[in-house]
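One structure below.
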Amino acid sequence: MRAIIIGAGILGASTAWHLARSGADVTMFDAAHPGNATAAGAGIACPWVEDDTDAERYRLCMAGARYHREVLAAFSADGADIGFAPVGALVLSEDQERLAKLESRLTGHLGDAPEIGALTRVSPAEARDLFPPLRDGLHGLRIGGGARVDGRLLAATLLRAAIAAGAVVRRDSASLRREGERIVCVDGDGAILEAGEIIVTSGVWAPQLLAPIGVAHPVTLRRGQITHLGLGGVDTRNWPVVLPLNSHYFVPFDDSRIVVGATFEAEVGFDYRVTAAGQHEVLSRALAIAPGLADATLIETRIGFRPFGPTDRPILGRVPGVSGLILGNGLAATGLTIGPYCGKLLADLALERESGFDLTPFAPR
Ligand SMILES: Cc1cc2nc3c(=O)[nH]c(=O)nc-3n(C[C@H](O)[C@H](O)[C@H](O)COP(=O)(O)OP(=O)(O)OC[C@H]3O[C@@H](n4cnc5c(N)ncnc54)[C@H](O)[C@@H]3O)c2cc1C
């Protein structure tokens, strides 16, 4: 089977790896647009705390979190670093009742998702032992199975493995054109490439790719500005991901680095800039919770465009009425968590292989 994949973020990289290791002939295009979400993503992999009212979406999130462990196992034999570390997550609040409700909800999911791990209530003093920059007065719920994932590293590792399995990766922009009944891909030099399956994993740029072939794809972006702070010499390797019960968070990485953020901005278009208001919001929210970060070094602020579909559900499946065209998009704010698994599902679809996961609720309309 010959497949063309357009977009090498976490979703495309995973799709390419799964297809190539199954023997498919894969060509991947990536234009490296500024704002690629995977390169900016914070890296929280703890989807169980999310709203669970949409059972289908929650089912996908649970499967996605579980699948990281399988990817880890697949790469551990050759010692490749996939940037995944199950360091646990610490949910914080001044309101102990909110934490009790969350604990009870998560306990209810343990049967289906034992990877949530041990749930432990911690006092403000214990919370500061786990994450020393915190202010006092915040109670915590520690979620043993929470993890962090370095999106850049994971996507690069998956891509390298895809190439090792025979995939061709082209740093080029692709476009799509109708040729009679079929859709073909056109490279940056105007050469036409055909494939049994064209898989669009182009994030927020997918609508402009699909418009010329008459496929409406209502994906919009939410800009995130996210800041990397350095705590020179401090060993942050085993610090947990910290989730105050608001939209801002802390993700510690191995190299004395704490990622804090992020803004969540609609209606800004493809505006790839760090703004004064964005930087202010990120730092003031971070320091209000963790004043111990005040003296950290500001290393960089990244900008990423999260792809959002018309509903909270990702879009995964074949485009109705168009032969050989598969879409994966709308991973929104959880793409680093579910992207590797969604890539497997897209690969199974292209290979017409039973995945054991019903994609019907996620089908493009
Ligand atoms: C600030 C921020 C924080 C986040 N935090 C988290 C988190 O903590 N946990 C979590 O799970 N998720 C998080 N996310 C969400 C996650 O990063 C995204 O959902 C995910 O990365 C989307 O991946 P993708 O592969 O669909 O798209 P992208 O990573 O955006 O990749 C799309 C790629 O397609 C390429 N492309 C587009 N059009 C073309 C074309 N015509 N030709 C060739 N190439 C093309 C682009 O150049 C790009 O490289 C965060 C996102 C942001 C921005």
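Bear in mind that the values in this text are calculations on the coordinates, not laboratory data. Since the model is a prediction, treat every value here as computed from it, not as a measurement. Using ideal geometry, Cβ is built from the backbone for each residue, glycine included, and neighbour counts are taken over all protein chains shown.
Where in segment 69-118 are there GluC sites (Glu not before Pro) that are in a DSSP coil and have at most 14 other Cβ atoms within 10 angstrom of their Cβ?
Listed in order of number, the matching sites are 94.
Under 5 Å between amide hydrogens, which residues at least 5 positions from residue 113 or on another chain qualify, with H placed 1.01 Å from N in the peptide plane?
none
Hey, can you rank 258-270, 204-216 by average C-beta count inside 10 Å, highest first?
The packing order, highest mean first, is 258-270, 204-216.
Provide the net charge surrounding residue 189, with neighbours chosen by a C-beta distance below 11 Å and charges set as Lys +1, Arg +1, Asp -1, Glu -1.
-1
Add +1 for every Lys or Arg and -1 for every Asp or Glu among the other residues with Cβ under 12 Å from the Cβ of residue 154, and state the total.
+1
Select from 301, 38, 107 the residue whose mean-square fluctuation is largest in a Gaussian network model of the chain (Cα-Cα springs shorter than 10 Å).
In the Gaussian network model the winner is 107.
Roughly speaking, what is the centre-to-centre gap between segment 331-365 and segment 58-115 when only Cα atoms are used, to the nearest Å?
19 Å
What number, in percent, do you get for the relative contact order of the chain if the mean sequence gap of Cα pairs under 8 Å and at least 6 apart is divided by its residue count?
25 percent
For segment 85-207, what's the relative contact order in percent, using C-alpha pairs closer than 8 Å and at least 6 residues apart?
Once normalised by length, the contact order is 23 percent.
Can you work out ³J(HN,Hα) from phi for every residue in segment 91-98, in order, using Karplus 6.51 cos²θ - 1.76 cosθ + 1.60 and θ = phi - 60°, giving whole Hz and x for Gly and Pro?
Per-residue couplings from phi come out as 8, 10, 6, 7, 9, 5, 5, 5 Hz.
Based on Cβ point charges of +1 for Lys and Arg and -1 for Asp and Glu, what charge dipole magnitude is obtained for the chain about its Cα centre, in debye rounded to the nearest 20?
200 debye
Expressed as an acute angle from 0 to 90° and rounded to the nearest 10, what is the orientation of the C-alpha long axis of helix 276-289 relative to the principal long axis of the chain?
Taking Cα atoms only, the helix is inclined about 40 degrees.
For the chain, build the charge dipole from Cβ charges (+1 Lys, Arg; -1 Asp, Glu) around the Cα centre, then report which of 309, 244, 212 sits farthest towards its positive end.
Selected residue: 212.
Before anything else, pin down the relative contact order of segment 241-288: Cα pairs under 8 Å, at least 6 apart, normalised by residue count, whole percent.
With pairs under 8 Å counted, the relative contact order is 32 percent.
Can you give the FRET efficiency to the nearest 0.05 for residue 54 and residue 266, using r as the Cβ-Cβ distance and R₀ = 22 Å?
The calculated FRET efficiency here is 0.65.
Most fluctuating residue of 252, 291, 240 in a GNM of the chain with Cα springs under 10 Å: which is it?
Answer for the Gaussian network model of the chain: 291.
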